[in-house]
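What follows is a set of notes on a single structure, which appears directly below.
Only the coordinates and a few stated rules stand behind these numbers; no lab work does. Values in this document were obtained by computation on a predicted structure and should not be read as measured data. Note: ideal-geometry Cβ built from the backbone for every residue, glycine included; neighbour counts use all protein chains shown.
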Amino acid sequence: MQAHAHSASGQAGPRRPAEPGMALAEVETPALLVDRATLEANITAMASYLRSRAPGIRLRPHAKTHKSPDIARLQMAAGAVGVCCQTVAEAEAMVAAGIPDVLLSNQIADIRKAARLAALAGQARISVCVDDVAQIALLAAAARDADVTLHVLVEIDVGGHRCGVASPEAARDLALQIAKHSQLSFDGLQAYHGRAQHFRGYDERREAIASAARIARQAATLIRQTGLACETITGAGTGSFEHEAASGLYTELQCGSYVFMDADYARNRRGPNNELPDFGHALSLLTTVISAPTPERAVCDAGLKAMSLDSGPPSLARHPGLTFTGASDEHSTLTVETGPAPAIGTQLQLLPGHCDPTVAMHDWLVIHDNNVVAALWPVARGR
């Protein structure tokens, strides 16, 4: 059972691992740390890159990375038009915090979720993706019941082979179906190539996005030939955004992980001109060595319940001489390659392999300046 603390009002809430003013050495581990200076520098760097290299293209960062209304507000203050969310619960948290423009970059197949999404459209501009007529009917009924307008994008499979219609012709046909409903507004296309974000080679990513743009352009052309506008073509991520920005097609970019930069994205090879911003590692997982049974082995208190290993192990770049060996539920095992084993009680900062699911395991982001806790920001983990 999760430990809880009580607020001044007596209401139970998630246990806080730290309080403002504490030194990092006092933070209860495992805990997610966010270096505020690096976070703000990353947000500024992305906004500046797009203003100088791709003026007119909107930035709509993906909030599934941080699940934090506080960070979303920083991104909007730097010029973002709104956020993407992947679940209705994320969208609810963002709208409740005052974010005025949310794209649910996913499909809905549940009448209750459709009703919840439609309820949000009375408070903010809400967009959502479809790839089937059944989803359109569901959204139309929910919008009618709530007396709101939902903005709808057709998702087209541009190489990710997850959601999305399979052809430009199918995208056109769905757009025409959306246009039949008075309380649905057809806005354009979602053309996100998720797999391309993690292609390591620069040329491989560039070619994948060029192919994605060709498919999306064909779909947009067919849709416009029907007399419908196709104003939005949205997609891109931290691994590929330079290519979507240069395509002459995309109007909106959905990059998310750049705010934190995890170990996996850091493995991508940059282009020959090396013109992308140098996003820093703002997110780290603070953990404590709880056992050092041999000179070659140390064990810390952050395991599979504190970080995701789906994109590989965390980086120990901040602790040369140690190698990540493996993890169980509440432990990670480290091999000492050089130097003495860290003593029991030593704190380590691991750079997560994949920031998004790691954040979703925690209730709080511990924001720090110069190794002093500045704030705790809640994580909107879902309802």
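What does DSSP give for segment 174-323 in terms of the percent of beta bridges that are antiparallel, rounded to the nearest 5?
Among the beta bridges of segment 174-323, antiparallel pairing accounts for roughly 40 percent.
If you average the alpha carbon positions of segment 238-279 and of segment 150-169, how far apart do those two centres end up, in angstrom?
Spelled out, the Cα-based centre of one part sits 22 Å from the other.
With a point put 7 Å past each Cα toward its Cβ, work out how far residue 166 is from residue 44 in nm, to one decimal.
Distance between label points: 5.0 nm.
Whose amide H sits under 5 Å from the amide H of residue 297, counting only residues 5 or more places off or on another chain, with H placed in the peptide plane?
For residue 297, the qualifying residues are 336.
Once phi is turned into ³J(HN,Hα) by the Karplus curve 6.51 cos²θ - 1.76 cosθ + 1.60 with θ = phi - 60°, what whole-Hz value does each residue of segment 189-204 show in order, with x for glycine and proline?
Once rounded to whole Hz, the list reads 10, 9, 9, 9, 9, x, 5, 5, 4, 10, 5, 6, x, 4, 5, 5.
Can you tell me the FRET efficiency between residue 147 and residue 224 if r is taken as the Cβ-Cβ distance and R0 is 22 Å, rounded to the nearest 0.05?
About 0.15, to the nearest 0.05.
Give the residues of segment 308-335 whose amide nitrogen is closer than 14 Å to a point set 7 Å from the Cα of residue 266 in the direction of its Cβ.
Zone members listed by number: 312-324.
Which ³J(HN,Hα) values, rounded to whole Hz and listed in residue order, are derived for segment 153-159 from phi using the Karplus coefficients 6.51, -1.76 and 1.60 in 6.51 cos²θ - 1.76 cosθ + 1.60 with θ = phi - 60°, glycine and proline given as x?
Working through the residues one at a time gives 10, 8, 8, 10, 6, 10, x Hz.
What is the distance in Å between the Cα centres of segment 194-214 and segment 324-350?
About 36 Å separates the Cα centre of segment 194-214 from the one of segment 324-350.
Give the peptides 363-374, 267-278, 114-125 in descending order of average Cβ contacts within 10 Å, highest first.
The peptides rank, most packed first, as 114-125, 363-374, 267-278.
Report, largest value first, the span of the C-alpha coordinates of segment 68-201 along each principal axis, in whole Å.
Largest first, segment 68-201 extends 48, 40, 23 Å along its Cα principal axes.
Between residue 97 and residue 16, 0.36 nm times their residue separation minus their Cα-Cα distance comes to what?
Contour length minus Cα-Cα distance gives 27.1 nm.
Angle between the Cα long axis of helix 111-120 and the longest principal axis of the chain, 0 to 90 degrees, nearest 10?
Helix 111-120 and the main axis of the chain meet at about 90 degrees.
Which distance in nm do the two modelled labels at residue 52 and residue 328 give, with both placed 7 Å along the Cα-to-Cβ direction?
The answer from the label model is 5.1 nm.
Quick query: amide H of residue 325 versus all other amide H atoms, modeled in the peptide plane; which residues come in under 5 Å with a sequence gap of 5 or more or a different chain?
333, 334, 335
List the lysines whose alpha-carbon lies under 29 Å from that of residue 180, not counting same-chain residues fewer than 8 positions away?
Residue 180 reaches 113.
Starting at 0 and stepping by 10 Å, how many percent of the alpha carbon pairs of segment 278-383 end up in each bin?
Going from the shortest bin to the longest, the percentages are 14, 45, 33, 7, 0.
At a 10 angstrom cut-off on C-beta neighbours, averaged per residue, how do the peptides 173-179, 160-166 rank from highest to lowest?
173-179, 160-166
Just to be sure I understand: of the beta bridges DSSP finds with both ends in the chain, what percent are antiparallel, rounded to 5?
DSSP beta bridges in the chain are roughly 50 percent antiparallel.
With only alpha-carbon atoms in the gyration tensor, what are the semi-axes of the equivalent ellipsoid for the chain, in Å, largest first?
39, 25, 18
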